[in-house]
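The values are calculated or read from the model by the stated rules, or taken from the named source; none is laboratory data. Not measured: the values here are computed from a predicted model. Don't worry about glycine lacking a Cβ; one is built from the backbone with ideal geometry, like all the others, and counts go over all protein chains shown.
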Amino acid sequence: MLAQKKPFNRENYKTVNMVNTPLGCYVYEHRLIAESALGHLIPKGVEVHHHSKAQLVLCESRSYHILLHNRKKALEACGHATWRHCCDCDAYKHTDEFYTKRTGICKKCSQIRSKDYYESNKDETVITRKKYAGKNKDELQEYRRNYYLKNREKRLEYQKAYKKKNKDKINRYRELNKDKIHAYDKAYRERKKVEIC
Ligand SMILES: [Zn+2]
Ligand SMILES: [Zn+2]
């Protein structure tokens, strides 16, 4: 009884009374037409799409059938069969305007959504972060210290290479910020002096 398979949007399909035939039930007209044209039953999994009684398209799967309907809808709505509908702004847009093939929301609307989420959860996020930092203060400090020690050689090497590569830039910066650097050095020396005493 393959002619009976339910189409996904039933309202648009006409049924035919075949109760008094060997089929013994109502069947969908477009499937009957397709089967009589094929001369055999429609294979399992295949769906029949119909523009009109005269124009039937056999679809190898339901997803292909849905695709056909979406394309038809898009074409009628915006003139481009391959454009996709965004459920947030209710507009048809080029596929480039969507992040992935599967999301039903365009890039612009996704950005608005995540911004809204951030705005409405901002206070909570800040509080959670502060709480975490307060609770794990010692651990965080320990972690930073360990990281610093572990990567000391690497960092020194990197610094050396950077200095060598950007000699002119550094010299120029020194020249421009002479007073600032001088003041900083002085403060550093004072601090060290206190520590040594
Ligand atoms: Zn169809
Ligand atoms: Zn949108």
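Would you check if LYS115 is in contact with a helix residue (DSSP H, G or I) (Cβ under 8 Å, 6 or more places away or on another chain), surrounded by 10 or more Cβ atoms within 10 Å (Cβ to Cβ), part of a helix (DSSP H, G or I) and not hydrophobic (A, V, I, L, M, F, W, C)?
no
Between a residue in the range 61-86 that is β-branched (Val, Ile, Thr) and any residue that is in a loop (DSSP other than H, G, I, E, B) and within 14 Å of ligand 1 (Cβ to nearest atom), which pairs come within a Cβ distance under 8 Å, given they are 6 or more apart or on different chains?
Short answer, once both residue conditions are applied: ILE66/PHE8.
I'd like to verify a number: residues in the range 12-27 that are out of contact with any Asp or Glu (no Cβ under 6 Å at 6 or more places or on another chain), away from ligand 1 (no atom under 11 Å from the Cβ) and under 30 Å from HIS85 (Cβ atoms), how many? I'd like the intermediate steps shown before the answer.
First pass over the range 12-27, keeping only residues out of contact with any Asp or Glu (no Cβ under 6 Å at 6 or more places or on another chain): 12-13, 15, 17-27.
The next check asks that each one be away from ligand 1 (no atom under 11 Å from the Cβ); those that pass are 15, 17-27.
Then keep just the ones that are under 30 Å from HIS85 (Cβ atoms); that gives 15.
So the answer is 1.
Give the residue that is nearest to ligand 2 (Cβ to nearest atom), with candidates limited to residues of the range 45-60 that are in a loop (DSSP other than H, G, I, E, B) and either at pLDDT 85 or above or within 34 Å of the chain's Cα centre (by Cα) (or both).
Taking the range 45-60 first, the residues in a loop (DSSP other than H, G, I, E, B) are 45-46, 53-54, 60.
Then drop every residue that is not either at pLDDT 85 or above or within 34 Å of the chain's Cα centre (by Cα) (or both), which leaves 45-46, 60.
Numbers: GLY45: 34, VAL46: 34, GLU60: 31 Å.
The residue in question is GLU60.
Yes or no, residue by residue, for (1) among the aliphatic types (A, V, I, L, M); (2) more than 16 Å from ligand 2 (Cβ to nearest atom); (3) over 30 Å from CYS89 (Cβ atoms); (4) assigned to a helix (DSSP H, G or I):
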residue: ARG102; (1), (2), (3), (4): no, no, no, no
residue: CYS109; (1), (2), (3), (4): no, no, no, yes
residue: ARG129; (1), (2), (3), (4): no, yes, yes, yes
residue: LEU149; (1), (2), (3), (4): yes, yes, yes, yes
residue: ASP168; (1), (2), (3), (4): no, yes, yes, yes
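Check the range 152-173 and report whether any residue there is within 30 Å of HIS85 (Cβ to Cβ) and of a type in the set (S, T, N, Q).
Of all residues in the range 152-173, those within 30 Å of HIS85 (Cβ to Cβ) come to none.
Looking for residues that are within 30 Å of HIS85 (Cβ to Cβ) and of a type in the set (S, T, N, Q), one finds none in the range 152-173, hence no.
Scan the range 120-135 and give yes if some residue there is more than 16 Å from ligand 1 (Cβ to nearest atom), touching a strand residue (DSSP E or B) at 6+ places or on another chain (Cβ under 9 Å), over 30 Å from GLU47 (Cα atoms) and not assigned by TED's automatic domain parsing to the domain that holds LYS44, otherwise no.
Here is the first cut: in the range 120-135, the residues more than 16 Å from ligand 1 (Cβ to nearest atom) are 120-135.
Now drop any that are not touching a strand residue (DSSP E or B) at 6+ places or on another chain (Cβ under 9 Å), which leaves none.
Within the range 120-135 (the criterion being more than 16 Å from ligand 1 (Cβ to nearest atom), touching a strand residue (DSSP E or B) at 6+ places or on another chain (Cβ under 9 Å), over 30 Å from GLU47 (Cα atoms) and not assigned by TED's automatic domain parsing to the domain that holds LYS44), the answer is no, since none of the residues qualifies.
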